[in-house]
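Working notes for the structure below.
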Amino acid sequence: MANVLNSKTGSPEPEPDGSEEGNRAPLLEEPRGGVPSVVETADQLSRVVADFARGQGPVAVDAERASGYRYSQRAYLVQLRRSGAGSALVDPVACPDLSELDAALSDAEMVLHAAHQDLPCLDELSLRPRTLFDTELAGRLLGYQRVGLGTMVERFLGVRLAKEHSAVDWSVRPLPEEWLAYAALDVEVLTELRDALHEELSAAGKLGWAREEFAAVLSAPPKEPRTEPWRRTSGIHRVRNQRALGAVRELWQERDRIAQERDVAPGRVVPDSGLVEAAIAMPRTERQLVAIKPFGVRLARRYVPSWLRAVNRVRDMPDADLPRPGTPGDGPPPTNRWADRDPAAAQRLESARARVRALAEQVTMPAENLLPPDAVRRLCWTPPETIDVTTVSEHLRRNNAREWQISLTAGELTGVLGGPGN
């Protein structure tokens, strides 16, 4: 059984893991008041808006996507719950504009679990929290190792949530009743979990830190599209020459076009392993291509001419147009190359990471939540010309560190870099 340090007492605290079936908490099987009907019309949505406007306190929010099934990361169901209003299940395919609901809840705190996953798809629907409480992030700040919603609910509230529908295809219509019950239960006790975490954060002296973190989640800009996303193809390390690397690029781009056109998850068109195998083999004929197992299945086989054209483009491509090995970017190189390229920077990074880990243990939280790892890497790769607490603090601030993080780490990192630190 995993242990964490209790953020109130500093003593080890067991986490529920389900290993002793007889000691399991009771399973929460059905929402209070039953499973609400799905909101699919403007009139139904207007009634929900009125009910939630009359409600009190925080609003629990969740969204279900069809990751692994669809290309789009849009929401296919939005769940809400508020004291005095009850629960609502909104079909965002039928009701794609939630701006009236957003206006009605403009002064309300919204409670989400792992908010960074759901905020983009909620934003597409014009549902934008002004104040956030993220129960997953709160758990991390309190030092819990397992912060999934089910684990957190069992630990703090003494009940279990069903998990069997967490990875289903939420784009199907109509949604089965048992899926809707599962979805409603995800917000059933989210506000109660928020209250328990709020109390523990306050007792641990971390409530101010949590508020800064929640605000940072809300204000984070949309992620910039990756310059060369194809370089993240799983198994690309097996590709040993530039022409084959070019084939990965061309095949990846062709797959992405097909997946986007059909609104199918790219891995369901052809898995990464198939792209890499085809790039290495450089097939010339349909027979050679479909002999590669992932290209012999029905959907991929339908596009055989497109795949072969992609490979042929690379075969005829001038060397100057082939991609170079390595990952381009404006940040530091991969850390496994630092020792060769800049041994002093590698030593700074090793020392800085050790110091951040030690500080994280002192305040009982993961090191990556005490300070963004990218901020540490950038500081060690290109430290300020003048090293003191002020310049180190500003460097961290430019790289998205929050004020509470800077106040805890800047002095220590200044010392690591050779300046007058703590």
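The values are calculated or read from the model by the stated rules, or taken from the named source; none is laboratory data. What you see is a predicted model, and the numbers here were worked out from it, not measured in a lab. Virtual Cβ from ideal backbone geometry, glycine too; neighbours counted across all protein chains shown.
Structure notes:
- Count of segment 41-69 residues which are more than 15 Å from residue 186 (Cα to Cα), touching a Phe, Trp or Tyr at 6+ places or on another chain (Cβ under 8 Å) and either of a type in the set (D, E, K, R) or outside the structural domain of residue 31 (by TED's automatic domain parsing) (or both): 0
- Subset of segment 29-86 (residues that are at pLDDT 95 or above, in a loop (DSSP other than H, G, I, E, B) and among the charged types (D, E, K, R)): 40, 65, 70, 74
- Exactly one residue out of 276, 363 is among the hydrophobic types (A, V, I, L, M, F, W, C), under 30 Å from residue 255 (Cα atoms) and modelled with pLDDT of 95 or more: that is 276.
- Cβ pairs under 8 Å, 6+ apart, first in segment 151-180 and farther than 17 Å from residue 62 by Cβ, second surrounded by fewer than 17 Cβ atoms within 10 Å (Cβ to Cβ) and of a type in the set (Val, Ile, Thr): 173/93
- The condition (being in a loop (DSSP other than H, G, I, E, B), in the same structural domain as residue 35 (by TED's automatic domain parsing), hydrophobic (A, V, I, L, M, F, W, C) and closer than 30 Å to residue 277 by Cβ) is satisfied by just one residue among 172, 168: 168.
- When residue 7 is tested against the conditions (1) more than 21 Å from residue 180 (Cα to Cα); (2) out of contact with any helix residue (DSSP H, G or I) (no Cβ under 9 Å at 6 or more places or on another chain); (3) assigned to a loop (DSSP other than H, G, I, E, B); (4) at pLDDT below 95, the lone failure is (2).
- Residue 80 being surrounded by 19 or more Cβ atoms within 10 Å (Cβ to Cβ) and within 21 Å of residue 181 (Cβ to Cβ): yes
- Segment 141-175, subset small (Gly, Ala, Ser) and closer than 30 Å to residue 408 by Cβ, residue nearest to the chain's Cα centre (by Cα): 148
- One residue stands out among those in segment 207-231 that are more than 14 Å from residue 130 (Cβ to Cβ) and among the charged types (D, E, K, R): the one that is surrounded by the fewest Cβ atoms within 10 Å (Cβ to Cβ), which is 224.
- Scope segment 286-304; condition touching a residue at least 12 places away in the same chain (Cβ under 8 Å) and closer than 16 Å to residue 247 by Cβ; matching residues: 289, 292, 294, 295, 300, 303, 304
So that you can scan it fast, the table gives a plain yes or no per residue for (1) part of a helix (DSSP H, G or I); (2) touching a residue at least 60 places away in the same chain (Cβ under 8 Å); (3) under 20 Å from residue 216 (Cα atoms):
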| site | (1), (2), (3) |
| --- | --- |
| 324 | no, yes, no |
| 346 | yes, no, no |
| 361 | yes, no, no |
| 400 | no, yes, yes |
| 410 | yes, no, yes |
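- Any hit, segment 379-401, residues being closer than 30 Å to residue 226 by Cβ and in contact with a Phe, Trp or Tyr (Cβ under 8 Å, 6 or more places away or on another chain): yes
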